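Below you'll find the structure, written out as structure tokens, and then a few comments.
The values are calculated or read from the model by the stated rules, or taken from the named source; none is laboratory data. Please read these numbers as outputs of a predicted model, since none were measured by experiment. Cβ: placed from backbone, ideal geometry, glycine included. Neighbour counts: every protein chain shown. The area values use the complete protein model at the heavy-atom level, side chains included, leaving out ligands, DNA and RNA. Shrake-Rupley method; radii C 1.70, N 1.55, O 1.52, S 1.80 Å.
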Amino acid sequence: MSSLLLLMLLAHAATLTTSTDENISDLDSTKSVFILAGQSNMAGRANVIDGKWVPLVPPECAPSPLILRLTASLTWEMARDPLHKDIDVNNVCGIGPGMPFANSVLKKDPSIGVIGLVPCAVGGTTIDQWSKGQNLYDQLIKRAQAAVRGGGGGGGKIRALLWFQGEEDAETAEGAQSYKAKLDKFFTDVRLDLQSPELPVIQVALASTKGNYTEEIRKVQLGIELPNVKCVDAKGLPLTGDNLHLNTDGEIQVGGLMADAFLQLTGEIN
Ligand SMILES: *[C@@H]1O[C@H](CO)[C@@H](O)[C@H](O)[C@H]1NC(C)=O
């Protein structure tokens, strides 16, 4: 082998293993970035049977070259369920609302172009664990910033935060009582730290029938009065046998509701 060829091969290998920032800067500078945060119903537990991911993916969740995912190591890849497999690492992840959301937005508004999903959700987490200064909050900001950091033209635009959380806080009276102030503060802090004071937030009113204070949490979610915050209602959508997690059909439906809410909101803003 000539030394020139060897050098070329080595250089090629180096670009394949180059860390994160270079890979990110390769990306479409116009991509629309969505942050996915919250707990298990955002991370996805559908299509998990007997503790194992069952890779039967319905068309609403199908991968597309127009839908990318930011990995835990801040590189981009084509998005596929389970979207949170390297983020919510202590749980078995399945189908969540992310893929049906992205497919539905693309179908209804193809002009949106490339979608970049930034999974951040972790199962069983309380609103306190998402407060500013906590690890999950810091990770969310860090990942969101990395998602739009890019070469010359920038790396796209953060279009919305998708938020599905509160089941854990619905377990206690204390959690429910303090939820409103904490949720308001979380949305406000995220917007400030991402320097996007009007960032659209699409959140979900709980579907779970498990927590004793679920109705109190739902009331807070449905009653948030911050501008550009929409709440879709998942109550009544089909759950898995645990009365806590949406099943595949439920996640597809909630993803579609979030897509409609996002498109409606951006229609209002534009
Ligand atoms: C929820 O309510 C049930 C019935 O009142 C009670 O037995 C249970 O201990 C409660 N759970 C929590 C976590 O408070």
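Just a few scattered comments:
- Segments 121-128, 230-237 sorted - mean Cβ within 10 Å per residue, highest first: 121-128, 230-237
- Ranked by the mean number of other Cβ atoms within 10 Å of their residues, highest first, the peptides 257-265, 199-207 come out as 199-207, 257-265.
- DSSP beta bridge pairing in the chain, given as percent antiparallel to the nearest 5: 25 percent
- When the solvent-accessible area of the chain is split by element, carbon and sulfur atoms take up 55 percent of it, the probe being 1.4 Å.
- Surface listing: Arg159, Arg143 arranged by accessible area from highest to lowest gives Arg159, Arg143, probe 1.4 Å.
- Calculated accessible area for the chain comes out at 45 Å² per residue, all protein chains present (probe 1.4 Å; ligands, DNA, RNA ignored).
- Accessible-area order (highest first, 1.4 angstrom probe) of the listed residues Trp130, Trp76: Trp76, Trp130
- Once the Cα gyration tensor of the chain is diagonalised, semi-axes √(5λ) in Å: 32, 21, 18
- Net +/- balance of residues flanking Glu251 in space, Cβ distance below 12 Å, scoring K and R +1, D and E -1: -2
- Pairs over the 31 Å Cα-Cα cut-off, from the set Lys107/Lys235; Lys107/Lys182; Lys107/Lys185: Lys107/Lys182; Lys107/Lys185.
- Accessible area of Arg45 (1.4 Å probe, protein heavy atoms only, ligands and nucleic acids ignored): about 30 Å².
- Local electrostatic count at Ser196 - Lys and Arg +1, Asp and Glu -1, tallied over other residues with Cβ under 14 Å: 0
- Ellipticity estimate at 222 nm from DSSP helix runs (n ≥ 4, -39,500 (n - 2.57)) divided over the chain, nearest 500: -11500 deg cm²/dmol
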